[in-house]
Amino acid sequence: MKNNKAEIYWKKNLTYLTILLSIWFMVSFGFGILLADQLNEIQFFGFKLGFWFAQQGSIYIFVILIFVYIFLMNRLDKYYKSKK
């Protein structure tokens, strides 16, 4: 039974990682490189949006995703510690 809880915990952790890293990839590679020309038609704080994502936005999103991961893992830890 204890091993089953560990497997479920690990699968949820991998699900969180997959989703968050996919978001980061989409923002950094997709917005910063692939969609840069389309996004450059939009101004953001006086900068072209594609340029902003390539230079600053992907870093900000990555830091936000770190805090989201911390929140999700703390919640997951509390849930499984209370189930002991």
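I need the full set of residues from the range 16-52 which are over 30 Å from ASP77 (Cβ atoms) and either touching a helix residue (DSSP H, G or I) at 6+ places or on another chain (Cβ under 6 Å) or among the hydroxyl-bearing types (Ser, Thr, Tyr) (or both), in order please. So that I can check it myself, show each step before the final result.
As a first pass, look at the range 16-52 and keep what is over 30 Å from ASP77 (Cβ atoms): 29-52.
Across the range 16-52, the qualifying residues are PHE31, GLY32, ALA36, LEU39, ASN40, ILE42, PHE44, LEU49, GLY50.
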Those residues of the range 56-76 which are loosely packed, with under 12 Cβ neighbours inside 10 Å and either more than 29 Å from GLU7 (Cβ to Cβ) or of a type outside the set (A, V, I, L, M, F, W, C) (or both), in sequence order: VAL63, ASN74, ARG75
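Filter the range 1-54 down to residues that are among the β-branched types (Val, Ile, Thr) and part of a helix (DSSP H, G or I) and give me whichever is farthest from the chain's Cα centre (by Cα).
Let us first name the residues in the range 1-54 that are among the β-branched types (Val, Ile, Thr), namely 8, 15, 18-19, 23, 27, 33, 42.
Cutting the leftovers down to part of a helix (DSSP H, G or I) gives us 8, 15, 18-19, 23, 27, 33.
On the way: ILE8: 21, THR15: 11, THR18: 9, ILE19: 7, ILE23: 5, VAL27: 9, ILE33: 18 Å.
The extreme case among them is ILE8.
Any chance the range 72-81 includes a residue that's over 14 Å from the mean Cα position of the chain (by Cα) and either part of a strand (DSSP E or B) or in contact (Cβ under 8 Å) with a residue 40 or more places away in the chain (or both)?
Residues of the range 72-81 that are over 14 Å from the mean Cα position of the chain (by Cα), as a first pass: 74-81.
Keeping just the survivors that are either part of a strand (DSSP E or B) or in contact (Cβ under 8 Å) with a residue 40 or more places away in the chain (or both) gives 76, 80.
Scanning the range 72-81, I find at least one residue that is over 14 Å from the mean Cα position of the chain (by Cα) and either part of a strand (DSSP E or B) or in contact (Cβ under 8 Å) with a residue 40 or more places away in the chain (or both), so the answer is yes.
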Every residue from the range 6-20 that is modelled with pLDDT of 95 or more and of a type in the set (Val, Ile, Thr): THR15, THR18, ILE19
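The values are calculated or read from the model by the stated rules, or taken from the named source; none is laboratory data. The model shown is predicted, which means the values in this text are computed figures rather than measured ones. Note that we place each Cβ from the backbone using ideal geometry, even for glycine, and neighbour counts take in every protein chain shown.
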